[in-house]
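Enquirer: This structure is in structure tokens; I'll ask about it shortly.
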Amino acid sequence: AETDTRNMASARVLEKLGFVREGTLREDCVVNGEVSDSWVYGLIRRELPSCR
């Protein structure tokens with residue numbers, strides 16, 4: 001999964017679901033004429049929450 005670093009709500013949702021932030025893509029995209037970074041998240045089977 002990937003989210004804009006300015007979108008803290010999306011980052012919280014991913015982390016609440018068990019995703020782990022694995023890195024930052026610097027100057028990855030342009031939003032409204034402004035260059036922005038993105039966070040990359042990963043989730044592997046053994047890290048899946050057993051009950052939610």
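Enquirer: Can you name the strands (runs of 3 or more DSSP E) wholly within the chain that have at least 3 residues being of a type in the set (S, T, N, Q), on the phi < 0 side of the Ramachandran plot and in contact with a strand residue (DSSP E or B) (Cβ under 9 Å, 6 or more places away or on another chain)?
Expert: Passing ranges: none, list empty.
Enquirer: So, one more: Mind checking which residues of the stretch 23-42 are surrounded by 13 or more Cβ atoms within 10 Å (Cβ to Cβ) and without any contact (Cβ under 8 Å) to a residue 40 or more places away in the chain?
Expert: Correct list: Leu25, Asp28, Ser36, Asp37, Ser38, Trp39, Val40.
Enquirer: Are there any pairs, at least 6 apart or on different chains, whose C-beta atoms fall under 8 Å, with the first in the stretch 6-17 and touching a residue at least 24 places away in the same chain (Cβ under 8 Å) and closer than 9 Å to Trp39 by Cβ and the second among the small types (Gly, Ala, Ser) and part of a loop (DSSP other than H, G, I, E, B), and if so, which?
Expert: Filtered contacts from the stretch 6-17: Leu14/Ala1.
Here, each number is a calculation from the coordinates, and none is a lab measurement. Just so you know, these numbers come straight off a predicted model, no measurement behind them. Neighbour counts are summed over all protein chains in view; Cβ atoms, including those assigned to glycine, are modelled from backbone coordinates with ideal geometry.
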